[in-house]
Amino acid sequence: MEYYHQLLGAAIVHPDKSQVLPLFPEAITYQDGATKNDCESNASKRLLPKLREAFPDLPMIVVEDGLSAHGPHIKLLKELKFSYIIGVKPDAQAALFEEVQNRLCAGQVEEFEELGKDGVLRGYRFTNAIPLNKSHPDVLVNYLEYWEIRKGKEHNFSWITDIHLTRANVYFVMKGGRARWKIENETFNTLKNQGYHLEHNYGHGEKHLATVFAMLMMLAFLVDQVQEFCCNLFKAARQKFRSRTSLWDKIKGLFTEYFIDNWESLWLAIIYKHKGGALQPDTS
């Protein structure tokens, strides 16, 4: 018998920042009164309204993969006043790509390439106000295709967005679309492999225990990311170790041996290797 727990996670990311700010996740689990298994799509219907309620005036661009490239989801995003950049693939959005090809043949698609100072050739193909699919012809989206040739290899990406596309902004929209990988790498990969043990089973519980554990891990990760982004003492302590996991092991050791009065004392003890008596032994 196998048990597993799932969360739909969200994080604030920036193309040029290594830090991410995880937001409250939504558990993918049976809801009260439901007769069918929960899924990522249903969880997003709960998460997005909560997100807008928590940040009613914050402009947000939601960056998602192709699972979200469908009419009801895009209508929900617009209803909640979210902008979006959503990845699309030819096999999953065939009607969309067929219409792009028709426009390309009719000369209604703009295309250009440019060589960057880094030696990477970047190409863009875009068109605006294109029907999402035959099921939702009223949902008009803007389509961006991007390719780059790096070290002789070509990489291709495609997105739909509500942002009106021009030659002046497609580079920034592309950067925003590719920032989705920061949710996978800087968020979930870190939570799984950098000492947070998100995939470890600490107990299923009778009802919500596993979800509570996951929420606590996300909260700890948020605190660490805020400190890494804003706290110079944290940054100095982090530089003492090759990996985050080594830093966490050091912190756990200090908490075992010493009474930690505040964050500043902890970071100074790590930075200066206990010089100056920053920490007092825990005699309790």
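The values are calculated or read from the model by the stated rules, or taken from the named source; none is laboratory data. Note that the structure is predicted; figures quoted are calculated from it, not measured. Note that each Cβ is placed from the backbone with ideal geometry, even for glycine, and that neighbours are counted across all protein chains shown.
Among residues belonging to segment 139-180 that are among the charged types (D, E, K, R) and in contact (Cβ under 8 Å) with a residue 40 or more places away in the chain, point out the one that is surrounded by the fewest Cβ atoms within 10 Å (Cβ to Cβ).
The qualifying residue surrounded by the fewest Cβ atoms within 10 Å (Cβ to Cβ) is Arg167.
Output the residues belonging to segment 65-116 that are under 20 Å from Ile12 (Cβ atoms) and part of a loop (DSSP other than H, G, I, E, B).
Asp65, Leu80, Lys81, Phe82 - these are the residues of segment 65-116 that are under 20 Å from Ile12 (Cβ atoms) and part of a loop (DSSP other than H, G, I, E, B).
Kindly list, by first and then second residue, each pair from a residue in segment 53-69 that is surrounded by 12 or more Cβ atoms within 10 Å (Cβ to Cβ) to a residue that is at pLDDT below 95 and of a type in the set (Val, Ile, Thr), limited to pairs with Cβ atoms under 8 Å and residues at least 6 apart or on different chains.
Val63/Val13; Val63/Ile183
Can you find a residue in segment 259-274 that is touching a strand residue (DSSP E or B) at 6+ places or on another chain (Cβ under 6 Å) and at pLDDT below 90?
Checked segment 259-274: at least one residue is touching a strand residue (DSSP E or B) at 6+ places or on another chain (Cβ under 6 Å) and at pLDDT below 90.
Looking at Asn133, is it part of a loop (DSSP other than H, G, I, E, B), over 25 Å from the mean Cα position of the chain (by Cα) and either surrounded by 14 or more Cβ atoms within 10 Å (Cβ to Cβ) or modelled with pLDDT of 95 or more (or both)?
Yes: the conditions hold for Asn133.
With Ile149, Ile160 as the choices, which residue is modelled with pLDDT under 95, assigned to a strand (DSSP E or B) and among the hydrophobic types (A, V, I, L, M, F, W, C)?
After ruling out the rest, the residue left standing is Ile149.
Could you count how many residues in segment 196-227 are in a helix (DSSP H, G or I), among the aromatic types (Phe, Trp, Tyr) and in contact (Cβ under 8 Å) with a residue 24 or more places away in the chain?
1
Listed here are the residues, each with its yes/no results for (1) outside the structural domain of Leu23 (by TED's automatic domain parsing); (2) more than 21 Å from the chain's Cα centre (by Cα); (3) under 24 Å from Leu21 (Cα atoms); (4) surrounded by 13 or more Cβ atoms within 10 Å (Cβ to Cβ).
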residue: Lys182; (1), (2), (3), (4): no, no, yes, yes
residue: Glu186; (1), (2), (3), (4): no, no, yes, yes
residue: Leu216; (1), (2), (3), (4): yes, no, yes, no
residue: Phe229; (1), (2), (3), (4): yes, no, yes, yes
residue: Phe241; (1), (2), (3), (4): yes, yes, yes, yes
residue: Lys250; (1), (2), (3), (4): yes, yes, yes, yes
residue: Thr256; (1), (2), (3), (4): yes, yes, no, no
residue: Leu268; (1), (2), (3), (4): yes, yes, no, yes
